[in-house]
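For reference, the structure discussed in these notes is given below.
The values are calculated or read from the model by the stated rules, or taken from the named source; none is laboratory data. Bear in mind the structure is a predicted one, so any value in this text is a computation, not a measurement. Heads up, the Cβs are rebuilt from the backbone with ideal geometry, glycines too, and the neighbour counts pull from every protein chain shown. Areas reflect the complete protein model, heavy atoms only, side chains present, ligands, DNA and RNA absent. Shrake-Rupley method; radii C 1.70, N 1.55, O 1.52, S 1.80 Å.
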Amino acid sequence: MRLSPHRRRYAGLLVPWLLVCVAALAACNADATSPEPRGKHAEPEVQTRSLSSNDPRFHATWPHVRDAQRLSKALDRYVKATVDQFAHEYGETDGGTSAPELNIAWRLVADDDEVVGVRLESYLFAGANGETAGRTWWYDRASGRLRANAGLVRSPAALETAVLAAIDDPDIDRSLVSSSLEQGAPDVDFTDDGRLRVRFAQYDVAPGSAGVVAVVLDEAATTALLSPFGERARQAAIDQPPLGDDLPSVPPSPETTAPTDPADPTTPPATDGATGGATDGATGGATGGTDKPRVNCRKVKCVALTFDDGPVTDTNRLLRILRRADAPATFFVLGQQVQTYPETLARVARQGHEIGIHTWDHRQLTTLRPRAIRGELVRAQLLVEQVTGHKPTLFRPPYGASDARVLRIARSLGLAQVLWSVDTLDWKNRAVPPILAKVRGGARPGRIILMHDIHRTSVDAVPKVIKLLRRQGYHLVTVSELLGAPQPGRSYSQR
Ligand SMILES: [Zn+2]
């Protein structure tokens with residue numbers, strides 16, 4: 001499989017979903033809330049933009065850095081071209097457990113007064129194997145210009161010499177390394193301690209089984225190579241410690257992870273709101289941290305609002321809406337987004353909402369090997385626990401794609417699978433009225449409603465959704481309150 005959307009030029013047609021993309025970009029532009037900073041992991045002054053679709057399956061997020069217009073435009077163009085090309089090539093699929101998939105995730109690798117660095121990682125699955133490739137953009141705030149990766153070093157030839165000298169893996173093809181560097185080495189950044197790292201896309205310089213090949217230069221070689229801009233970039237990168245990088249890259253084995261046994265009365269509650277029973281008390285679900293009267297979903301009509309793919313900047317607006325309405329919700333978050341917006345996630349937890357995980361970076365789990373599935377779940381679980389102090393016990397697989405393997409691994413991690421029963425299709429219909437129509441038509445007691453806080457129009461719809469449901473006599477509860485005691489390894493999607 002040699003498909004590389006990263007390197008192909010867009011040649012797509014103007015099809016209806018493209019309009020969705022344009023609408024999405026316009027929508028993202030309008031979001032202007034800014035979270036409070038917190039310690040060394042202060043949330044950046046960037047917004048997350050997104051494009052997603054269930055058919056064909058793609059999920060792309062990337063940053064908009066307000067005071068770095070050239071950078072933001074370059075990222076817009078790159079992601080749109082990549083997504084357009086993917087959708088043009090794969091069109092509509094029949095879904096299933098091995099549908100083609102494109103995933104683009106981002107990370108701010110440097111952000112200070114002088115330099116911004118953004119790394120995007122793309123993953124393309126086209127029916128047999130996945131292909132991963134990264135690309136890093138460097139922006140010089142002083143000059144207002146994008147700098148090519150070559151601008152980090154004094155001389156491209158010296159970079160090539162240093163990279164070749166640092167390679168000791170016989171599987172790496174040195175001539176391919178040279179030609180990749182001559183073509184511009186798209187992915188150059190720094191390790192946490194400031195050493196220069198050059199990454200080559202999967203399949204580029206070694207067999208696909210090697211994954212993305214990273215060559216890290218030592219301190220002396222890095223210092224000798226860097227240009228003045230490269231030195232500033234290195235300092236900015238060192239000052240931007242990535243949250244969650246200390247999480248184990250090799251997930252603990254199933255034997256060392258004790259699953260929660262919901263039948264065991266001695267098992268302590270594993271997370272807020274997950275203690276089972278139709279309660280709405282201090283264990284979770286109560287917004288604003290206040291005790292509320294019990295809601296017994298066996299006696300009254302209950303529904304659960306759920307929000308996937310965050311946290312993003314706009315999650316803060318959603319939290320204000322939920323607080324004003326005194327409405328609990330359940331958030332299925334991506335580890336990769338929590339890395340960037342930890343304080344927003346902490347706020348979600350403080351307001352008493354339930355938090356489940358939606359994998360690390362939105363991969364279609366059914367196409368992954370067991371080890372990768374575990375990694376996707378356990379890294380997100382650990383990071384949420386690190387930020388909120390509570391270990392999630394619920395997960396929702398991206399695209400709802402799951403199978404017996406996924407459930408087995410989920411069970412070993414103490415995770416119950418939560419699907420949905422009302423799909424608002426808010427990712428497709430980026431407007432309030434169609435979302436309301438889906439809720440109106442789909443609401444029944446015990447149902448789980450799917451929305452996404454990465455779309456501005458979805459957050460816009462929430463006050464009306466809450467009003468509509470309450471007018472029909474529904475009580476809003478968290479997923480764990482709705483389900484009673486969700487059991488690890490079991491799948492839930494109420495009727
Ligand atoms: Zn999702």
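Which of (1) more than 30 Å from Pro241 (Cα to Cα); (2) modelled with pLDDT of 85 or more is the odd one out, the single condition Leu19 does not satisfy?
Unmet condition: (2).
Name the pairs: first residue in the range 74-92 and in the same structural domain as Arg57 (by TED's automatic domain parsing), second residue among the basic types (Lys, Arg), Cβ to Cβ under 7 Å, at least 6 apart or on different chains?
That search, which allows pairs on different chains as well, returns Gln85/Arg8.
Are any residues in the range 374-398 aliphatic (A, V, I, L, M) and more than 13 Å from the ligand (Cβ to nearest atom), and if so, which ones? Give the derivation first.
As a first pass, look at the range 374-398 and keep what is aliphatic (A, V, I, L, M): 377-378, 380, 382-384, 387, 394.
Answer for the range 374-398, where residues must be aliphatic (A, V, I, L, M) and more than 13 Å from the ligand (Cβ to nearest atom): Leu377, Val378, Leu382, Leu383, Val384, Val387, Leu394.
For the range 81-91, how many residues meet the condition of being open to solvent by 70 Å² or more (accessible area, probe 1.4 Å) and more than 19 Å from Thr132 (Cβ to Cβ)? If you could, list the steps in order and put the result at the bottom.
Kept after step one, since they are open to solvent by 70 Å² or more (accessible area, probe 1.4 Å), are these residues of the range 81-91: 88-89.
After this cut, where a residue has to be more than 19 Å from Thr132 (Cβ to Cβ) as well, the list is 88.
Here the count works out to 1.
So, in the range 420-453, exactly how many residues are open to solvent by 10 Å² or more (accessible area, probe 1.4 Å), within 12 Å of the ligand (Cβ to nearest atom) and in contact (Cβ under 8 Å) with a residue 40 or more places away in the chain?
Within the range 420-453, residues that are open to solvent by 10 Å² or more (accessible area, probe 1.4 Å), within 12 Å of the ligand (Cβ to nearest atom) and in contact (Cβ under 8 Å) with a residue 40 or more places away in the chain number 3.
Suppose we filter the range 457-495 for residues that are open to solvent by 50 Å² or more (accessible area, probe 1.4 Å) and within 16 Å of the ligand (Cβ to nearest atom); how many remain?
1
Sort out which residues of the range 47-72 are over 16 Å from Val333 (Cα atoms), within 16 Å of the ligand (Cβ to nearest atom) and either in contact (Cβ under 8 Å) with a residue 60 or more places away in the chain or not assigned by TED's automatic domain parsing to the domain that holds Ala99 (or both), and write them in order of number.
Ser53, Asn54, Arg57 - these are the residues of the range 47-72 that are over 16 Å from Val333 (Cα atoms), within 16 Å of the ligand (Cβ to nearest atom) and either in contact (Cβ under 8 Å) with a residue 60 or more places away in the chain or not assigned by TED's automatic domain parsing to the domain that holds Ala99 (or both).
What are the residues in the range 326-338 that are surrounded by fewer than 24 Cβ atoms within 10 Å (Cβ to Cβ) and either modelled with pLDDT under 95 or within 15 Å of the ligand (Cβ to nearest atom) (or both), if any?
Residues of the range 326-338 surrounded by fewer than 24 Cβ atoms within 10 Å (Cβ to Cβ): 326-327, 336.
If the condition is that a residue be surrounded by fewer than 24 Cβ atoms within 10 Å (Cβ to Cβ) and either modelled with pLDDT under 95 or within 15 Å of the ligand (Cβ to nearest atom) (or both), then Gln336 is the only one that fits.
How many residues are farther than 19 Å from Ala126 by Cα and either within 16 Å of the ligand (Cβ to nearest atom) or surrounded by fewer than 22 Cβ atoms within 10 Å (Cβ to Cβ) (or both) when one looks only at the range 348-373?
Residues in the range 348-373 being farther than 19 Å from Ala126 by Cα and either within 16 Å of the ligand (Cβ to nearest atom) or surrounded by fewer than 22 Cβ atoms within 10 Å (Cβ to Cβ) (or both): 10 in total.
With Ala105, Ala99, Ala142 as the choices, which residue is open to solvent by 60 Å² or more (accessible area, probe 1.4 Å) and either small (Gly, Ala, Ser) or part of a strand (DSSP E or B) (or both)? Even if it seems obvious, please write down each step before you answer.
Numbers: Ala105 fails: open to solvent by 60 Å² or more (accessible area, probe 1.4 Å); Ala99 fails: open to solvent by 60 Å² or more (accessible area, probe 1.4 Å).
Of the residues listed, the single one that is open to solvent by 60 Å² or more (accessible area, probe 1.4 Å) and either small (Gly, Ala, Ser) or part of a strand (DSSP E or B) (or both) is Ala142.
Go over the candidates Arg317, Arg369, Arg374 one by one and state the one that is within 23 Å of His455 (Cα to Cα) and not small (Gly, Ala, Ser). So that I can check it myself, show each step before the final result.
Details: Arg369 fails: within 23 Å of His455 (Cα to Cα); Arg374 fails: within 23 Å of His455 (Cα to Cα).
When all the criteria are applied, what remains is Arg317.
Within the range 399-417, is even one residue basic (Lys, Arg), open to solvent by 10 Å² or more (accessible area, probe 1.4 Å), more than 18 Å from the chain's Cα centre (by Cα) and within 14 Å of the ligand (Cβ to nearest atom)? Give the derivation first.
Residues of the range 399-417 basic (Lys, Arg): 405, 408, 411.
Keeping just the survivors that are open to solvent by 10 Å² or more (accessible area, probe 1.4 Å) gives 405, 408, 411.
Adding the requirement that they be more than 18 Å from the chain's Cα centre (by Cα) leaves 405, 408, 411.
Those still in the list that are within 14 Å of the ligand (Cβ to nearest atom) too: none.
Checking the range 399-417: not a single residue is basic (Lys, Arg), open to solvent by 10 Å² or more (accessible area, probe 1.4 Å), more than 18 Å from the chain's Cα centre (by Cα) and within 14 Å of the ligand (Cβ to nearest atom).
Does any residue in the range 299-311 that is touching a residue at least 40 places away in the same chain (Cβ under 8 Å) and assigned by TED's automatic domain parsing to the domain that holds Leu419 come within less than 7 Å, Cβ to Cβ, of a residue that is within 13 Å of the ligand (Cβ to nearest atom) and of a type in the set (Lys, Arg) six or more places away or on a different chain, and which pairs are these?
Correct list of pairs: Asp308/Arg396.
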